[in-house]
Structures are given as C-alpha cells and as structure tokens.
Amino acid sequence: MRKLLMDAASRSARYAEEIGQRRVAPRDQEIAALHALGGTLPEHSEEPATVLRLLDEVGSPATVASTGGRYFGFVTGGTLPVALACNWLAGAWDQNVAVRAMSPVAAHLEDVAAEWLRQLFGLPSTCAVGFVTGATMANFTGLAAARHALLARAGWNVEEDGLFGAPPLRVVVGDEVHVSLLKALSLVGFGRTRVLRVPTDRQGRMRAAALPDLDDRTIVCIQAGNVNSGAFDPAADVCARATQAGAWVHVDGAFGLWAAAAPQRAHLVAGFDRADSWSVDCHKWLNVPYDSGLAFVRSAADLEAAMSVSAPYIAITPQREPWFHTPEASRRARAVEIWAALRSLGRFGLADLIEHDCRLAARFAERLSAAGVEVLNDVVLNQVVVAFGDDETTNRIIARVQNEGTCWCGGTMWRGRAAMRISVSSWVTTENDVDRSVEAILLERHRVLDPLRHRAIDPRGPD
C-alpha cells in the first residue's frame, strides 16, 4: 500500500509541476490514445502499480490543464496545494459523512467550515449549510427548502403528499437565468419553461422595475455574478419587494457571491444577504478540488424539513446531522478541503485571491481593447466577454485559440452575438499568463483577418 501511494504521489507531483509548461488542451493523438484504457474487461487481476502507470501514461496527457494558469473556461478554479493534499488524506480516510456517528471528524469540519463561510458571506449565524456537489445541487437544495416553506404556509405537506393537487407556486427568474438553475427547477418539480421571465439590462442584470406583483406563493431567483458578464442583479430592490409580499428569494451565487469576501468587491453583493437561500461553488473561486458546492438556507427548519428522513438503524444526535442538510445520504467529506483552504488562506488571503483574479481580468480587457478587440461587458469581476467582428469570425478565432494550446477560452452567445468568454478564476494565474494568452489570441485573430499577409511572414500559413 505505501509503495503504491508513494508512486501515486510522485506521479501527481510531477503532473502538477509540469502543468505550466504543457499546452492547455490535449492534442487529437493524445485523445485518440485513450482507447488503450478500454477494450474487453480483463479476465484476471492486474498489478495495481501497472494499472496506475497505465492511467498516468495514457490518461495524464489527455487531460485539460485546468489547474494551470492559462485555462479561462467555464469559471473553473485551480486547486490550492493545501486543498489537494488534504483531499488526498481525506481519500485515505474514506469517510462517509451521512450522519455524525459515521465520521465525527468530517461532521465537525462541516460545523467549523459552515461558521467561517457564514461570516465570510455575511449570512445569519443561524443559517443552515449543506455541503453538496456543486451549484446545480445547491440550487436544487435551496429550491426544495423554498417549496417546503411556501407550501407549508398554504397547509400542504409536499414531502408526504407530493405536488399532485398542491396549491400552485410561481417562479420568477431573469432573462439571463443560468441553465443550472433551470435544471434544478425541473428536478424540484417546477419545470424549466413554466417560469415568468423578467427583462434584463445590457449587462444581464434583472430589471427590478419589471418584476411582476409578488405574493407568498412566489419564488424569485436572482443572480450574484452573471455567468457571462459577471454582473449582479439588484438584490436590495428585489429582496425589499419580496419581503413585503412574503415571497421567497433564492440566489444563484455560484462564483459571484465570493465577492463578499473581498472588501474592494463587497459592494457588488449589497442586499444579497436579505435573501432566503443561496447557492455557491467552492471548486470555482475557493480553488478546491471537484466536486464541491454549498447550499445555504436562512431557515434551518425549512431545509431540514425538506431533506430529513429517518430509519430505525440511523443513529441521530442532538447536534447538527449532515444528512439533514443535503439531498445525498452517503457522500464524501467535502468539508475537509474547504476547511483546509479557508484555514490556509485566512480572511485576507482569500480576499487577495479574489482581488488578484479581478485585476487580471481587467488586464485582459485592457490589453485586448487596446489592440482593437471589442469588449462587450463592464468588467466588474473576473469575467470578460469579447467579440472579433461578426459571429463567424468570432467563432473561427475561438476555435483556433482553443486548438493552438497556449490558453483555453470558451465561446458563448451574449446579447445576440457570438463572443469569447474569458473567466479568470485560478490562484495560479499570473500577469505573464495573461500576457502570453493575449498574444496568442491576437495572433490567431491576425491569422483569420489577414491570412495572406500572415502566410507571407509565417511559412506555416494561416492553418
């Protein structure tokens, strides 16, 4: 066992050390080589060291270098060394954190991390926290609590009787609602299309003045950090109207809510603390390993009512039981690396990480804009949206940048236009990473816009 684990640690360390020197996206031949991992299921046992070597030698080259400094896709964070190391130790522990009796240490780390997180986000100390896989399940969890609370007020027990014949509830979202929230709405039984959409402004912010009349059977879903522009919905105005009407406000704050931890960005989340539930990702801006998300609910009773189950063999204590706060029962101890990251960074270190990425996003926008690239959003956080002319040209440049390998930026549609989306979310990204990436993007733009001249100065030609 020791020899095998030391071999795994050595291979992992080498992978991490070399990540900055490799291309971000794997080559076609490296992806094609993955066939060696398949074939017929072996009849006989194979040496564990041989299996590990095969996975490393074939699998590692076919990974996307998302833990490096030049991956800017999908608001994906890197992995802090301390979070990775503690994740390994937690893997050796192999704890099931369903109930406290199954892992006192994992349950205690949830208690500690939950309190630190409530403080960072400025949420009530009585707020309940569930440690889930990511924003989709965090949204699901918050919406399930909302469903319970609103139907209980109407005299309906949704956990026992389901939605058949239940009093109708209404869901209000912004036009820029994220697809993960729509998926969560479908899972909780509300449907993806049976929502009332509120118009948004040019940055994707919900127009509070366009909200419909609200009542105590309405759930309003707002965003802290638009997935394209990084913009924030007007939470103070929305929450004020919702509170007066008795409506429930749910916040999709996957990455944007982390702005609360950075004093220079905290103004962006003004009013969001007045909501009733919140979803957050930790594998984004906290830079812990996948998968790691958080669901916060102001009323612990509503969350526990929506999530709790019981059985004679389950040992329940008077303390907080993890199972009562998440959809899953058996699950890994996600709080380990969250605790490790927060303990290692501290309040000031986390603020520096967030502010560092925001400054680098602004650097991206400034350098691209100076070169004549159209920046489509107000860069208030870590998101930059750019276009290179018409949709076809923009999409061609995005594809070339992704294939070239220096960096990786995703494509999107923004306000009816094809655009490149740049998300700076990693602790390891440097100014040099940004500058190298800008140079690569501008070179691919040049190859697309002026192929004849480029062919004259580069024997490789435009392709």
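Readers should treat all values here as calculations from the given coordinates under stated rules, not as data from a laboratory. Keep in mind that this is a model prediction, so the values were computed, not measured. Please note: Cβ atoms are built from the backbone with ideal geometry, for glycine as well, and neighbour counts cover all protein chains shown.
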What's the longest piece of the chain with no exposed chymotrypsin sites (Phe, Trp or Tyr not before Pro), counting a site as exposed if DSSP puts it in a loop and it has at most 12 other beta carbons within 10 Å? 1-163
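Stokes-Einstein D for the chain at 37 °C, 0.692 mPa s, Kirkwood Rh over Cα pairs, in µm²/s?
Values: Rh = 23.8 Å.
Diffusion coefficient, whole number: 138 µm²/s.
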Taking segment 174-227, which trypsin sites (Lys or Arg not before Pro) meet the DSSP loop condition and have no more than 16 other C-beta atoms within 10 Å? ARG192, ARG194, ARG202, ARG207
Where does each of THR193, THR429 land when they are ranked from fewest to most other beta-carbon atoms within 10 angstrom? THR193, THR429
When the Cα atoms of segment 315-384 are enclosed in a convex hull and the volume is divided per residue, what value in Å³ results? 161 Å³
Give me P(r) over segment 214-282, computed from all C-alpha to C-alpha distances, binned every 10 Å, as integer percentages. 23, 53, 21, 2
Where Rh is the Kirkwood radius over Cα pairs, Rg/Rh for segment 253-301: 1.00
May I ask for the equivalent-ellipsoid semi-axes of segment 85-341, computed as the square root of five times each C-alpha gyration tensor eigenvalue and listed largest first in whole Å? 29, 23, 15
Once the principal axes of the Cα atoms of segment 346-457 are found, what is the range along each, listed largest first in whole angstroms? 53, 32, 23
Exposure proxy check: ASP352, ASP357 ranked by fewest other beta carbons within 10 Å? ASP352, ASP357
Pairwise FRET efficiency - ASP352 versus LEU52, Cβ, R0 = 41 Å, nearest 0.05: 0.65
How long is segment 54-97 along each principal axis, judged by its Cα atoms, biggest number first, in Å? 33, 29, 17
Place a point 7 Å from the Cα of SER12 in the direction of its beta carbon; the residues of segment 62-90 whose amide N falls under 14 Å from it are 79-90
Per DSSP, the loop-located GluC sites (Glu not before Pro) within segment 1-87 having at most 14 other beta carbons within 10 Å are GLU43, GLU46
Write out the GluC sites (Glu not before Pro) in segment 330-381 meeting two conditions: DSSP loop, and at most 13 other Cβ atoms within 10 Å of their Cβ. none
So the FRET efficiency between ASN96 and LEU443, C-beta based with R0 = 45 Å and rounded to 0.05, is 0.35
Measure off 7 Å from each Cα along the Cα-to-Cβ vector at PHE74 and THR430, then give the distance between these two points in nanometres to one decimal. 2.7 nm
Taking placed amide H atoms and a strict 5 Å upper bound, the residues 5 or more places from GLY411 or on another chain that come that close are ARG421
Give, in nm to one decimal, the length gained when the segment between THR63 and SER310 is fully stretched (0.36 nm per residue of separation minus the Cα-Cα distance). 84.8 nm
If you wrap a convex hull around the Cα atoms of segment 131-283, how much volume per residue is inside, in Å³? 106 Å³
So if we plug the beta-carbon distance of ALA166 and GLU115 into 1/(1 + (r/R0)^6) with R0 = 35 Å, what FRET efficiency do we get, rounded to 0.05? 0.50
Using θ = phi - 60° and the Karplus relation 6.51 cos²θ - 1.76 cosθ + 1.60, list the HN-Hα couplings for segment 366-380 in order, rounded to whole Hz, with x at every Gly or Pro. 5, 5, 5, 4, 4, 8, x, 7, 7, 8, 9, 10, 7, 7, 9
